[in-house]
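Asker: If you scroll down you'll find the structure; I have some questions about it.
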Amino acid sequence: MNTQRLKLRRSRKDRIVAGVCGGLAEFFGVSVFWFRLAFLIALIPGGIPGLLVYGLMWIIVPSE
């Protein structure tokens, strides 16, 4: 049994801005496309919801 736990980290290899979406994709085992799409959709109603969440994760989640 593999007991290694994944840690949420910002990606260094799969990044466009800060690696937040790449890190989330690696952590959850999902394509990075879906997280980028989710943040893009969150930017549509004025930008604040998407930018706020992305900015907080950029500050809180450590880099690899």
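Values quoted throughout were computed directly from the atomic coordinates according to the rules given, and no laboratory measurement underlies them. What you are looking at is a predicted structure, and each value in this text was computed from that prediction instead of being measured. All Cβ positions, even for glycine, are placed from backbone atoms using ideal geometry, and neighbour counts span all protein chains on display.
Asker: If you place +1 on the Cβ of every Lys and Arg and -1 on the Cβ of every Asp and Glu, how big does the dipole about the Cα centre of the chain come out, in debye to the nearest 20?
Answerer: About 180 debye.
Asker: For the chain, what does -39500 (n - 2.57) per DSSP helix run (n ≥ 4), summed and divided by total residues, give at 222 nm, in deg cm²/dmol to the nearest 500?
Answerer: -16000 deg cm²/dmol
Asker: Starting from 0.36 nm per residue, how many nanometres of slack lie between Arg36 and Leu52 once their C-alpha separation is accounted for?
Answerer: Extending this stretch completely gives an extra 4.3 nm.
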